[in-house]
Amino acid sequence: MSSPSSALRAGSDPYHLGHHNEWIGTEPEYTGARSGGPAPKRIVVGYGFWIFILSDVIMFSVLFASYAVLAGNRAGGLGPRDLFDLRDTAAETALLLLSSFMCGMASLAVAWRNQLWTQITLFITGLLGAGFLALEAREFTHLVSIGAGPTRSAFLSAFFTLVGCHGIHVTVGLLWLGTMMAQLLTKGFRENIRHRFLCFTLFWHALDIIWVGIFSLVYLIGTILP
Amino acid sequence: MHILGKLTWDAVPFDQPVAMVGAAVVIIVVVGVAALVLAKGYLPYLWREWITSVDHKRIGIMYCILALLMLARAFIDALMMRAQQAVAFHAPGYLPPEHFDQIFSAHGTLMIFFVAMPFVIGLMNFAVPLQLGVRDVAFPTLNSVSFWLTATGALLVNLSLVAGEFSRTGWLPYPPLSELAYSPDVGVDYYCWAIEISGIGTLITGINFVTTILKTRAPGMHYTRMPMFCWTSLASCLLIVAAFPILTATLAMLLLDRYAGFHFFTDTAGGNSMLFMNLIWAWGHLEVYILILPAFGVYSEVVSTFAAKPLFGYRSMVIATMAICLISFMVWLHHFFTMGAGGDVNAAFGIASMIIAIPTGVKIFNWMFTMYGGRVRFTSAMLWAIGFMVSFVIGGLTGVMLAMPTADFELHNSLFLVAHFHNVIITGVIFGVFAGYSYWFPKAFGFVLDETLGKWAFWLWFIGFWVAWGPGYALGLEGMTRRLQRYDVAEWRPLLLLAAVGVLIMLAGILVQLLQLAVSIRTRAQRRDLTGDPWNGRNLEWAVASPPPHFNFAVLPQVNNQEPYWDMKQRAIDSGHLQTPEPHYEPIVMPRNSATGFVCAVFATVTGFALIWHIWWLVLLGLAGAYATFVVFAWRDVQEHIIPADEVARLDRANRAARSQALSRMRADELVVHE
């Protein structure tokens, strides 16, 4: 057992955050939240990325608000009850949530520094995400084919933009995922690679939260309410 | 389909002489500067020390240079508008309507997005890490990306002079006018893509500085010890993080309407143009506070330094700043009381708009009480601050008038409104960044600017502003609406002529500022700032040499109170120990230069230009290039370089020697005063 004072030495980890102080030397350690000097890089990177996610959520909130305003403006066209099939949406939801679960597994594999399982779990994460995108693409092409494309009415413009924007995020996430897998493979579990992986997992889970909003506010309420 | 999309030779305005002169000037300036750089062999130096630099000080200086260049362009627009209105009484003037409309749109767009924003962000970049006592921002390479994306936006706006035309819909592209049916040319597309791209840069800046201020501060710097400029920068960056995603999404919806036939704001097929007004002002009202809050921070620094007193009411200032930050979310509807939302809604937003004047008033009183009883030095920076206090109160009061829905129905879209926002933006934001410019110039370049010419510049700007925009209030009350290309009301004529004289006085102010810069550079040997503390400053940026070393602080300073550097100086003078014992120097790890930002901006420019002209293969190429750039950046193995301990020691010893000499002089002065 180490004494409390030695636990506060530079390079120690008093809060069990799993990181070691990178500012070894004259600087006192950690936090930045109070007054102990600059926070370690892992905290800075994660914190910055959280703020990015917040800004991204605000962007989605604009699209949600526009959808809410325009949802009733159908210009004589079809509405949510005629267009949405909750079984497809349930399948999409399942794929996306399972993908997030696999992403969590990948975090564990990275924590154990196990390259094989990292690659396997990330590959499944990507596969499930691609499955989600395929279902979404099928839904979109179906809607366009029956004359309910985004140019038909303000309601459909807002619908395609909101759901499509989430789809673009998933696509960009897949691109990032592929790059991340290649990086983990070639560079190993280097510190800055792990920081990036942390950001990727945050991003991937945040997309789930957005999807839960879309599922509830667009599909569920749209098909339940008259 | 054409391989260059909509781009043909018709895009070049050969038939419009005035526009052609503008195009020629842009081409001559760009080609001339490029030729000069290449001929003199400056390129390797510029590439190594500036273009690829991730140093927050260099990036800050580049932001300010960009802002000054765009100020020149946008001020020429202002001159052209004032000249047009001076001659267009019962006459067509020299600018045809479609050209006049482009000029007022470009003037507003440039002034807000590419003058005020980069100048404010430039000062933040330069001063915040120094004031926090740290070595760089949280994400140095992203900081460079931010700058270069902003530069891309500015470049695209100016490209519209050469190829095609700029937006004719005002500085905010109100639909349905900005929809494809009414603006079929590329003007609105130039606007939208330029703002989308530079907006991403601004968002990254916001994220970067929120993280920097909240997570990287010198040891001992509690929140209540942060300099006021850091507080206001924090508030401003929080607003950026909250507001710019709204702008991005709103313009994206407008672009979908224009490019893909969507119906967000078309007023047909269920689209609703008032949705655009709400969304754009949900961003736009935060934007004015994004601009003014850092300016308030600059005034706080300047007033307390030149009154030689701590800032009066520091905590109330912090509360006022954060109160403005919060209330600014709840007032956006006052930009369109005439929408017809009803008396209750209008009253709620009107009251919220009046409430926001209270924390601003708190700030004005705090600055006055800081000066009260102080030994005020009337330097040019201080003059800008005092000119601001006098003028901004008037701008604020006319704002409260506009916040009353009943009055607003009369004043809406009149020149009274235009005079009001010029009053707050010019005498608030622009005076603030000029105060910051003369205050921090010696820190950035190691020599002080000529004070006499600086004071001349202030008086010309101050008088010029009131001669130009004082009549604006009167014209608005006489019923003149904004954006008139011609008019036939005889009563307006003398006031518009007076306004034209005012803008010429402001032009003289700008010319004096250029002269000031030229004279100061030529005589820089006599105006060197050897101590790093030319103004007897109070915060940590004055504790380092001028210009600061690449790593800012040899050893991170220990902060013990609100004014750490003033405290260090006073303790040294009082105790007579002018030199603290030499610290133990260690090697310093700094981020390496990176071309990522610049290369990204090249691809962003290509992508933006291709999108504007519907050149789809080039869009794909640009996006693929941007992705490749990030992969290359992500793949590098060495991200940092190490400055050896003896190099750190060498630089710091020189600074310490100069500083202890200055302190001994100050001690001698103080002994004289006490006797």
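Before moving on, here are some points about what is shown:
- Some residue of the stretch B:648-657 being within 14 Å of chain A (Cβ to nearest Cβ), of a type outside the set (Val, Ile, Thr) and more than 35 Å from the chain's Cα centre (by Cα): yes
- Residues in the stretch B:595-622 that are surrounded by 21 or more Cβ atoms within 10 Å (Cβ to Cβ) and under 28 Å from B:PRO644 (Cβ atoms): B:THR596, B:GLY597.
- The residue that is nearest to A:ILE214 (Cα to Cα), among those in the stretch A:61-71 that are more than 7 Å from chain B (Cβ to nearest Cβ) and assigned to a helix (DSSP H, G or I), is A:PHE64.
- Taking the stretch B:407-485 and the helices (runs of 4 or more DSSP H) fully enclosed by it, the elements with 2 or more residues that are more than 30 Å from B:ASN536 (Cα to Cα) are at B:415-424, B:451-477.
- Of the residues making up the stretch B:234-257, one or more are of a type in the set (Gly, Ala, Ser), open to solvent by 20 Å² or more (accessible area, probe 1.4 Å) and at the interface with chain A (Cβ under 9 Å from one of its Cβ atoms).
- For the stretch B:210-226, a residue qualifies if it is at pLDDT below 95, assigned to a helix (DSSP H, G or I) and more than 27 Å from B:PHE312 (Cβ to Cβ), and exactly one does: B:LYS215.
- Residues in the stretch A:94-143 that are touching a residue at least 12 places away in the same chain (Cβ under 8 Å) and not in a helix (DSSP H, G or I): A:ARG113 only.
- From A:ARG87, A:ARG74, residue being modelled with pLDDT of 85 or more, more than 8 Å from chain B (Cβ to nearest Cβ) and open to solvent by 40 Å² or more (accessible area, probe 1.4 Å): A:ARG87
- Taking each residue of the stretch B:558-571 that is away from chain A (no Cβ under 13 Å) and looking for partners that are among the hydroxyl-bearing types (Ser, Thr, Tyr) with beta-carbon atoms closer than 9 Å, six or more apart or interchain, yields B:GLU563/B:SER304; B:MET568/B:THR580.
- Test result for A:ARG138, within 14 Å of chain B (Cβ to nearest Cβ) and out of contact with any Cys (no Cβ under 7 Å at 6 or more places or on another chain): no
- Out of B:PHE630, B:PHE603, one residue alone is in contact (Cβ under 8 Å) with a residue 12 or more places away in the chain, aromatic (Phe, Trp, Tyr) and within 14 Å of chain A (Cβ to nearest Cβ). It is B:PHE630.
- Filtered by the rule that a residue be open to solvent by less than 10 Å² (accessible area, probe 1.4 Å), part of a helix (DSSP H, G or I) and among the hydrophobic types (A, V, I, L, M, F, W, C), the stretch B:46-63 gives a lone residue, B:ILE59.
- Inter-residue pairs, beta-carbon under 7 Å, first open to solvent by less than 70 Å² (accessible area, probe 1.4 Å) and in the stretch B:487-509, second of a type in the set (Asp, Glu), 6+ apart: B:TRP492/B:GLU478
- Qualifying position, being more than 24 Å from B:ALA127 (Cα to Cα), of a type in the set (Val, Ile, Thr) and modelled with pLDDT under 95, among B:VAL162, B:VAL188: B:VAL162
- For the stretch B:510-523, a residue qualifies if it is of a type in the set (Gly, Ala, Ser) and either in contact (Cβ under 8 Å) with a residue 24 or more places away in the chain or not in a helix (DSSP H, G or I) (or both), and exactly one does: B:SER520.
- Taking the stretch B:77-162 as the region of interest, the helices (runs of 4 or more DSSP H) fully inside it that hold 3 or more residues being open to solvent by 10 Å² or more (accessible area, probe 1.4 Å), within 24 Å of B:ARG483 (Cα to Cα) and not aliphatic (A, V, I, L, M) are B:97-109.
- Subset tally (residues that are within 10 Å of another protein chain (Cβ to nearest Cβ) and not in a helix (DSSP H, G or I)) for the stretch A:144-203: 6
- Looking across the stretch B:372-398, the residues that are part of a helix (DSSP H, G or I) and within 15 Å of B:TRP535 (Cβ to Cβ) come down to B:SER380, B:ALA381, B:MET382, B:LEU383, B:TRP384, B:ALA385.
- Within the stretch A:215-226, residues that are under 18 Å from A:PHE132 (Cβ atoms) and touching a residue at least 40 places away in the same chain (Cβ under 8 Å) sit with their Cβ atoms under 7 Å from residues that are of a type in the set (Ser, Thr, Tyr) and open to solvent by less than 60 Å² (accessible area, probe 1.4 Å), at 6+ positions apart or across chains, in these pairs: A:PHE215/A:THR89; A:PHE215/A:THR93; A:VAL218/A:TYR67; A:TYR219/A:THR89.
- Residues in the stretch B:358-380 that are surrounded by fewer than 16 Cβ atoms within 10 Å (Cβ to Cβ) and among the aliphatic types (A, V, I, L, M): 2 in all.
- B:SER304 vs. criteria in contact with an Asp or Glu (Cβ under 9 Å, 6 or more places away or on another chain), more than 14 Å from every other protein chain (Cβ to nearest Cβ) and either at pLDDT 95 or above or in a helix (DSSP H, G or I) (or both): yes
- You will find that of B:PHE609, B:PHE633, the residue that is aromatic (Phe, Trp, Tyr), modelled with pLDDT of 95 or more and closer than 25 Å to B:LEU43 by Cβ is B:PHE609 and no other.
- The residues in the stretch B:402-420 that are in contact (Cβ under 8 Å) with a residue 12 or more places away in the chain and surrounded by fewer than 17 Cβ atoms within 10 Å (Cβ to Cβ) can be counted, and the count is 2.
- Test result for B:ALA218, on the phi < 0 side of the Ramachandran plot, at the interface with chain A (Cβ under 7 Å from one of its Cβ atoms), of a type in the set (Gly, Ala, Ser) and within 24 Å of the chain's Cα centre (by Cα): no
- Tallying residues that are modelled with pLDDT of 95 or more and either outside any helix (DSSP H, G or I) or more than 21 Å from B:LEU293 (Cα to Cα) (or both) within the stretch B:352-371 yields 0.
- Residue under evaluation B:GLU287, criteria (1) within 10 Å of chain A (Cβ to nearest Cβ); (2) among the acidic types (Asp, Glu); (3) open to solvent by less than 20 Å² (accessible area, probe 1.4 Å), criterion not met: (1)
- Test: residue in the stretch B:643-662 that is touching a strand residue (DSSP E or B) at 6+ places or on another chain (Cβ under 9 Å), open to solvent by 30 Å² or more (accessible area, probe 1.4 Å) and polar (S, T, N, Q): no
- Looking across the stretch B:221-233 at every residue that is at the interface with chain A (Cβ under 9 Å from one of its Cβ atoms) and open to solvent by 10 Å² or more (accessible area, probe 1.4 Å), the one that is nearest to B:PHE276 (Cα to Cα) is identified as B:TYR223.
The values are calculated or read from the model by the stated rules, or taken from the named source; none is laboratory data. Computed from a predicted model, the values in this text were never measured in an experiment. Neighbour counts are summed over all protein chains in view; Cβ atoms, including those assigned to glycine, are modelled from backbone coordinates with ideal geometry. When the accessible area is computed, the model is the full protein with side chains, heavy atoms only, and any ligands, DNA or RNA have been set aside. Shrake-Rupley method; radii C 1.70, N 1.55, O 1.52, S 1.80 Å.
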